[in-house]
């Protein structure tokens, strides 16, 4: 086909909104023509907000639309695998939100089906497109830091809004599953995708124990081939709005990038204002508002890239294979959190339905 | 016409490069099809770098190209007026770099000719598009700061690269002319374009006296209708790379936005790397690299907007009239720097060939 | 005499509290043995808080105490001169809070009486002792910045607590009188006390017009011998707690020092806590708490130094002569604010009772 | 005894210099009267610099000085225990630099001998006195952060100057031994000294493998009773000068304190200047100079406190018992680094001569 890539979105909440907004911000390669969500009114609301012409309540119906070439999944984690398979079988390219799925079996099948159907499986890891982080990688790749031996990424806030995140049946885990996947992917990508040797993880539920069985704070240490370490810190228990930062240490230098406090407009307001930043509790008093939040995260650039991949103009730089690597680390991380010991990779547990079970409810 | 707006650039140096890069970064509304520069090889080099198909050594020849709808001026200040008039008379829309021109007579004629020819005179004040500053204005407009009584803007570095900036015959003045125009426009725009009552200015040549007759450091205080003040600080004598920042004070709050130290990745490098920031002296040791510099200044957004104006999709938000207001303040500022006293507006000096003459070489 | 210097404090409010606390923090050279305040209960409260043994309701009685060698004045500005003269005539050394007085006639008399009585007139400009600012001066004096051409100091908050500051009869002026005196002294001291050539000042009452006739926002530009400029910005209209910062620009470098946002512990608190910083509005939400505030301002170091001067161990580095220089600039600043023009120094207006009158109520 | 506490220092290098300077900065409780160092000329140099009247080349001779009441140990780690025992047996109070010693057997004996001899064993953990960190603890203790669940401390630079640190025979370990001890003590103290349940540690030698067998980068996770975690990060491989920071996370808030980049005067210097900060590589270009470094670390306050303890005016807040707790964690940390698994406490390995052996050369 020619012209703009026609896109369908599955989902209507936070992530779907980000996707729809992102396609609008960089409109030259793609356009959203349909949205599917089972909850009455939700898809309609998104469609109205972004001028999306077609609305579906069953995403399978949307897959029947001939002109749609790419479908994005912004649905709870446990649905990623079955949806991906359906989309691929309908002959359409897939953009799957993070984390890729629940199990390695699912990951393998997702990759396999897409390959067989000749469609792309693109993994929506926006940190590969975050401009400030990309600059850090460019400097490191230019040799600014010498040999890099430690990459840190941290993402913290006070917990997600949507209910399904708190229900480990649907999410597969807590903050490590939700946001740890970003940091794992980030360290792996930053270092040039070396083999991961081991995973060490510490986690706990400190604040939200009444609301979830999932962990709300975690730290994960990755050993990579080539004598490098990754460190991933996450929290759903950090007050004060979103925090997202990296630190990169090399033999010859160090760089720090902070997406929020390090980019914001320190502001005091007696009266408040519209919007400060994702998950911010208030806009009165001192706040750290950010600007062009989606762009600074790289969402529009990411979706733009995926559309170009569909047209063959780019090669995907965030793929199902990346998601599968992350998935293995997630599983190993929960296992490590239970045993208190390093888990060597490859790690392929059997009979696991969701990652968090390795920590909370290990198989007998 | 339909399709993308075809653009011709006059100039081949720093500003022309920014323009060409900007059109590439947001390619959906416009494309650069020609570049004109009198210096042998310069236009060719830019054309090669950005894939611009047509090259001219006399911009007047370029104006004969029928399909070109918009021409941008990235030439020394003293050429802005004659070029604008030529472009307008050729029936093409004009994008004029800052400052608008040398005298109010020129400003009036530029505006007049464009109006008569039915073309747009768009004034390239990128701070109206700088995302971080736009966020500050949004918050202020939402009432976050209550009644705003003081807006500050400052832009400082260690001096421009191109020769003509240092030659007041061609530039019309030093740093106040070069960068003060940004701050004046910014305060005026931020406050909603109120009438400017008076201008007070202090300036001096502290560091570069052997190289220029122009001032290399200035501070300017503007009184606006509605009991608000603007404060504009500029320097060509500030070491350490570019600095660009605003502060906005209201009865109900305050906000600070810093485009460089407040957005950067604090980095230490033993070995150095490709690029830190405009005018940065070095990339070894500690530096403050920025990311996506053009986007963070708003250049692509600005050019994108101007192309949309040509197509009638937007109304210009930075016009020749804005440039004329700035021009009057520039003239008043140099006058104030000489007398050491506030200059009331309107101020229309006669017989002035360039703004700086009011400070250095006043008419007898 | 030998042993610790015995000190009497005149005053019992904010400044007196700072002084009493400061003597306790560096106790090896001095001890506060008496406090005098006319308001019933006030002196007693301070005495109780700091274990001060003697309390007076008329400071003149306190001056009769033989063992007291040094008296500090923490009283409204209009009392500085008569109190200084009384203290000197009682044969005791004087520490006078800033600004020195109301008129140049008073300044001259204060200096003269102290000289004749053989006592020290020490001027409590704590910025000469502020450790972070002292570091800036040390670097500059070591040549780090090359020739310094611009020194900026700014102090801003939302207005003082004590009533007398708002009453220009007792204070002599608004924020320029209250805090501008700090910045004037700072620039003068930082540059090595060069002759001041001219003063240019812009001020207004933007927020607190119902409460005071004084200005609540001001900017002042000083021209110094040796081609250097000072810039002093002050506000009683800046929300969000105290702000105190400097910027120093030299031909060879630049340094920034921020006492609050640049020293604080960025903190989010849902529940609040004891104390964030002077003039802070709240301790919930995001705040910028500082630590060891008095020490970071240099108050204990200042009082310690003054006590050492009394013992002949140090030479005073902040004197009545410094205060007189500041006083002349204050007067010139209000004059400039009225005329909108630079005032050349020396400036000795006649018949002026308080500095602000030159701006608000000039003599006919 | 009365009057100032007379102090003898063992050592003459970096730490001894800090101690001598610290006693001078707060001189009202103690004075250094002697210094002992075996290297010819070293003790003399320190004595000259700080006006210390007596010099010894064998610290045992210094212990014969009757008037000395307190002796500070600024010697390599492996000498801490024998020196402490000698000092105690000479009837003098001990200030021992961190870490306390090499083994738990030594720790027990040091504590025991001091108790039997009736002298104080004070442990020189300056972070208990670091003003900015103390402010964080005050806020947390006031409830600002609600229940604290995570305390992080990090200290990083590019490696120590003195040779013995690199020789694990004398140091007992690398950066985890050298600086990890600070973070362990800090988390323990911040949380109110709860029981430590387990230790998890990851370390490696990334940059200085040619110079040392010790690790040059480490991260350590502590589990405390009461559902709280400590995280300690250290490096001898971080370029750009000293870095020391904490982060504290509670259910109700978060606070960040950065002693260097968060306190400094961002400075650009073309010419350089005297001193920026501990371990800084250069003073040209951009640097982060700090001010009053010793005071901001709390060294003078610490020594002042120890002298007051000798006089019975204070109770020691950093004791041999604290050092013993840290020592156990150090041992457990090296064990964990070897096994890759959590080590439960209490942990009392036998036959260990130095902590690092548990990682590098475990007993067969």
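The values are calculated or read from the model by the stated rules, or taken from the named source; none is laboratory data. Since the model is a prediction, treat every value here as computed from it, not as a measurement. In this analysis, Cβ positions are derived from the backbone assuming ideal geometry, glycine residues included, and neighbour counts consider all displayed protein chains.
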Go through the range B:170-198 residue by residue and tally those that are within 14 Å of chain C (Cβ to nearest Cβ), outside any strand (DSSP E or B) and surrounded by fewer than 24 Cβ atoms within 10 Å (Cβ to Cβ). 1
When residue D:236 is run through (1) under 17 Å from the mean Cα position of the chain (by Cα); (2) surrounded by fewer than 24 Cβ atoms within 10 Å (Cβ to Cβ), the failure sits at (2)
Does residue D:201 satisfy the condition of being under 26 Å from residue A:204 (Cβ atoms), more than 14 Å from chain C (Cβ to nearest Cβ) and touching a helix residue (DSSP H, G or I) at 6+ places or on another chain (Cβ under 6 Å)? yes
Identify all residues within the range B:56-68 that are touching a strand residue (DSSP E or B) at 6+ places or on another chain (Cβ under 8 Å) and assigned to a helix (DSSP H, G or I); write none if there are none. B:59, B:61, B:62
Among the residues of the range C:304-322, is there at least one that is more than 26 Å from residue C:95 (Cα to Cα) and touching a helix residue (DSSP H, G or I) at 6+ places or on another chain (Cβ under 6 Å)? no
Identify the residue in the range B:278-290 that is assigned to a loop (DSSP other than H, G, I, E, B) and either touching a strand residue (DSSP E or B) at 6+ places or on another chain (Cβ under 8 Å) or facing chain D (nearest Cβ under 10 Å) (or both) and, among all such residues, is nearest to residue A:135 (Cα to Cα). B:289
Qualifying residue in the range A:239-261 (condition: touching a helix residue (DSSP H, G or I) at 6+ places or on another chain (Cβ under 9 Å), in contact (Cβ under 8 Å) with a residue 12 or more places away in the chain, within 30 Å of residue A:170 (Cβ to Cβ) and within 7 Å of another protein chain (Cβ to nearest Cβ)): no
Considering only the range C:81-103, state which residues are within 20 Å of the chain's Cα centre (by Cα) and not in a strand (DSSP E or B). C:81, C:82, C:83, C:84, C:85, C:87, C:98, C:99, C:100, C:101, C:102, C:103
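This table checks each residue for (1) without any contact (Cβ under 8 Å) to a residue 24 or more places away in the chain; (2) surrounded by fewer than 23 Cβ atoms within 10 Å (Cβ to Cβ).
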position	(1), (2)
A:268	yes, no
A:283	yes, yes
A:297	no, no
A:318	no, no
A:325	no, yes
Tally the residues that are at pLDDT below 95 and within 13 Å of another protein chain (Cβ to nearest Cβ), restricting the search to the range A:157-169. 0
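Rundown of residues vs (1) under 30 Å from residue D:6 (Cα atoms); (2) at pLDDT 95 or above, yes/no style:
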site	(1), (2)
D:310	yes, yes
D:323	yes, yes
D:344	no, yes
D:347	no, yes
D:360	no, no
Just the residues that are in contact with a helix residue (DSSP H, G or I) (Cβ under 8 Å, 6 or more places away or on another chain) and part of a loop (DSSP other than H, G, I, E, B), please, taken from the range B:324-364. B:342, B:345, B:346, B:347, B:348, B:349, B:352, B:354, B:355, B:356, B:362, B:363
Failed condition for residue C:53, given (1) more than 30 Å from residue D:295 (Cα to Cα); (2) surrounded by 17 or more Cβ atoms within 10 Å (Cβ to Cβ); (3) in contact with a strand residue (DSSP E or B) (Cβ under 7 Å, 6 or more places away or on another chain), with all others met? (2)
I'd like the full set of residues that are part of a loop (DSSP other than H, G, I, E, B), facing another protein chain (nearest Cβ under 10 Å) and in contact (Cβ under 8 Å) with a residue 60 or more places away in the chain, limited to the range B:204-230. B:227
Taking the range C:134-156 and keeping residues within 8 Å of another protein chain (Cβ to nearest Cβ), assigned to a helix (DSSP H, G or I) and either surrounded by fewer than 24 Cβ atoms within 10 Å (Cβ to Cβ) or without any contact (Cβ under 8 Å) to a residue 12 or more places away in the chain (or both) leaves C:134, C:135, C:138
The residue from B:106, B:65, B:61 that alone is in contact (Cβ under 8 Å) with a residue 24 or more places away in the chain, over 21 Å from residue B:317 (Cβ atoms), within 20 Å of the chain's Cα centre (by Cα) and surrounded by fewer than 21 Cβ atoms within 10 Å (Cβ to Cβ) is B:106
Please tell me if residue A:349 is surrounded by fewer than 24 Cβ atoms within 10 Å (Cβ to Cβ) and away from chain D (no Cβ under 14 Å). yes
Filter the range C:115-133 for residues that are over 25 Å from residue C:292 (Cα atoms) and surrounded by fewer than 24 Cβ atoms within 10 Å (Cβ to Cβ) and give the result. C:115, C:116, C:117, C:118, C:119, C:120
Listed residues B:233, B:302, B:321; which is within 20 Å of residue B:151 (Cα to Cα) and either in contact with a strand residue (DSSP E or B) (Cβ under 8 Å, 6 or more places away or on another chain) or outside any loop (DSSP other than H, G, I, E, B) (or both)? B:233
Any residue in the range C:109-120 that's in contact (Cβ under 8 Å) with a residue 24 or more places away in the chain: show its pairings with residues that are surrounded by fewer than 18 Cβ atoms within 10 Å (Cβ to Cβ) at Cβ separation under 7 Å, as long as the two are six or more apart or on different chains. C:111/C:321; C:113/C:89; C:117/C:89; C:117/C:91; C:119/C:91
Name the residues in the range D:199-211 that are under 20 Å from residue D:242 (Cα atoms) and buried (at least 21 other Cβ atoms within 10 Å of the Cβ), would you? D:203, D:205, D:206, D:207
